[in-house]
1. Using packing as a proxy for protection, rank 258-267, 376-385 so that the peptide with the highest average count of other Cβ atoms within 10 Å comes first.
2. Decide, for the range 322-424, between rounded, prolate and oblate: order the square roots of the alpha carbon gyration tensor eigenvalues as a ≥ b ≥ c, take rounded if a/c falls under 1.5, and otherwise choose prolate if a/b is larger than b/c, else oblate.
3. Evaluate the relative contact order of the range 337-473 (contact order divided by residue number), counting alpha-carbon pairs under 8 angstrom at least 6 apart; express in whole percent.
4. What are the ³J(HN,Hα) couplings of the range 364-376, residue after residue, when phi is run through the Karplus curve with 6.51, -1.76, 1.60 and θ = phi - 60°? Round to Hz, x for glycine and proline.
5. Do the alpha carbons of any pairs in 138/212; 248/346; 136/212 sit beyond 18 Å of each other, and which pairs?
6. Roughly speaking, what is the stretch gain from residue 153 to residue 135, that is 0.36 nm per residue apart minus the C-alpha to C-alpha distance, in nm to one decimal?
7. In whole Hz and in residue order, list the ³J(HN,Hα) couplings for the range 442-459 that follow from phi through the Karplus curve 6.51 cos²θ - 1.76 cosθ + 1.60, θ = phi - 60°; x for Gly and Pro.
8. Near the amide H of residue 256, under 5 Å away, which other amide H atoms are found, from residues 5 or more places off or on another chain, if H is placed in the peptide plane?
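The values are calculated or read from the model by the stated rules, or taken from the named source; none is laboratory data. For clarity, every value in this text was computed on a predicted model and none was experimentally measured. Heads up, the Cβs are rebuilt from the backbone with ideal geometry, glycines too, and the neighbour counts pull from every protein chain shown. Each accessible area value is taken on the protein alone, full model and side chains, heavy atoms only, with ligands, DNA and RNA left out. Shrake-Rupley method; radii C 1.70, N 1.55, O 1.52, S 1.80 Å.
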Amino acid sequence: MAVRRNRCYTTVLALVLLYLLLVVGGLSRRAVDSWGQYHERGASWGFDAPVNATASTSADATSDESANSAAVPAVNETVEPSGEHFNAPALANVTDAAPPASETTPDAPAPINTTASPSANKTTSGGSPFDEYWSKMKQTLCPNMVPNPTVWTTLFELARRESGAFHEEKIPASAYPKNKKWQWANFYKFNFGGLGYDSGGGQYTTYLRIFKAGNDQIRFNLLPILDKSGGEVWEGIDIAGLFDRIPKSGLNNTCVVTAIRDPISHFLSAYNEVETRRHVRNLPDEQKRPYERRENGTAARFEQFVTTYIGGPRSSGMYMGKRQGIEEITHIFAMSGILWGFRRIKDCYGTDVPQTVTYLPSLANLDEEFPKLLHENCPGLPPFGPFRREIKHESQSDEFHFYSAAKQAWAQQGNISRALCVLHAPDYACFDALSVPPLCQDVYMQPSFRDKMQQASSAKPPAPACGRGHYGL
C-alpha cells in the first residue's frame, strides 16, 4: 500500500514538472518572438540603427589637411566665401561600365536650359565609360533639366541600403505617421525665392537663392547697389512670389541667375550650419535630437545625423517641427529644388517662366565671378565692380568642429559617403558643369542603382502639390 502511494506521488510530481516545463517554454518562446518583432520594427524605422562600422568614431576630428591628404587627387574643389577649401578625395577610376540606361522618359516635361557661366570649365567630357552611361542616366533623373519626382522615394531607399544601417531597404507602411510630410519630397523641393530687379526699361533680373551657396554674400552686396540704381528691387519668399512681380509680357526678357557648388560639399557645409545654430542656443537635453547626444565635432555624430535623416518618417520627422526647425534643415536640401520650383509654377499656375537659368558652378572667387556673370548675361543692370562687403556666418569659424568632422566622415569614403552620393544624384544630373566624384560614379554605375532608377522612372508622375508654402512643402 505504501509502495502504491509512493508511485502515485511520483506520477503526480512528474506531471506537475512537465506542466511547468511547458509553461516556461511557451513564455520563453513568446519573449524571443516579441523581441525579434521589436528589433525588426525598431531597425526598419531607424530606431537603434547602428552607425556605419567602417567610418571613424574618434572624438578628435582631423584637420582639413589630414582629412584630405595631398596624396589623394582633389575632386570638385570648391571654395567657401570665407576662403576655405573643400577637397573631395578621389577613388580608383571606374573601368567597367554598366549597360546604358533607357534614353526615353515617359511624359518628359518641357525643357529648362541650365547654362553655366562662360568662364566655367565643363568638367564632364565624352569618351569615358561613365560619361557615356551618365549622359543617359541624367535623362532619367533630370529629363530636360527638370527633376523627376518619380525617383525621389527610391533614392531615399537606395541611400538606406548604401548606408548599411538598416535591415531592410523599403520603409514599412506602419512607419508613416498620419498627416506628415515625407523628407524625400521636401529634400528635393527647396524653394526659397530670391531677389528680383526691374530696371524700368522692360528688362528684369532675378537671383534664385540657394542656402550655403554664397546666398548672403550675393544678396547683401547686390541690394545696396540695386537700391541706388533707381530701379525697383524686391525679394520673393518663394519662386512663384518672385515672378509674381514680373508682367507676363516681361518673362521673355527676364535673366535668371544663381550660384551653386559641389553637392556633397554643400551638404557638409549645411550640416555645419544646422549644428552650429542649434548648439549656440544651448538647448536642454529633452529638446536634443538623438544624434546631438553624441560628442560634438565627431564623425560618428555626423554619421548618425545622416542615418537618422534617411531613416524614415518617424525618425526624420523630428526635423520638421516649429518654423525655426524647418528653416534650419532646409539648408541641407538639394540645390536642384530651384528647377523644380520652375516646373511647379508652370503646373500650378499655368504661367510661362524663363527657359534659361544661368549659374555659377563654383564659389571660387565669388566676389569677382558673380558680378561678371551678371554683366555678361543680364542687360539693364547698373555698372558695378567686384563685391566688396564680406558677410560672415558664425558657423564659418568651425569653432565646434562640426564641419571638419563632416569632412572627415566623407573622407572615409565608406557607407555613409555612398549614401550621400545617392541622395545627391539629381543635383549632379541637373547641373551639367558639375563633376561627379569618383566614389559617386561607382555608386551610380552599380546595376542596382541603374535598375531601380529605370523602374521608378516608369511610374506615372504624381499630381503637383500646389500649396503656396515657401518651404516647398
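1. The peptides rank, most packed first, as 258-267, 376-385.
2. oblate
3. Answer for the range 337-473 is 22 percent.
4. 4, 6, 4, 4, 9, 6, 6, x, 5, 4, 4, 5, 7
5. 138/212; 136/212
6. 4.3 nm
7. Coupling constants for the range 442-459: 4, 5, 5, 8, 5, x, 5, 5, 4, 5, 5, 5, 5, 5, 5, 6, 7, 6 Hz.
8. Long-range HN contacts for residue 256: 206, 358.
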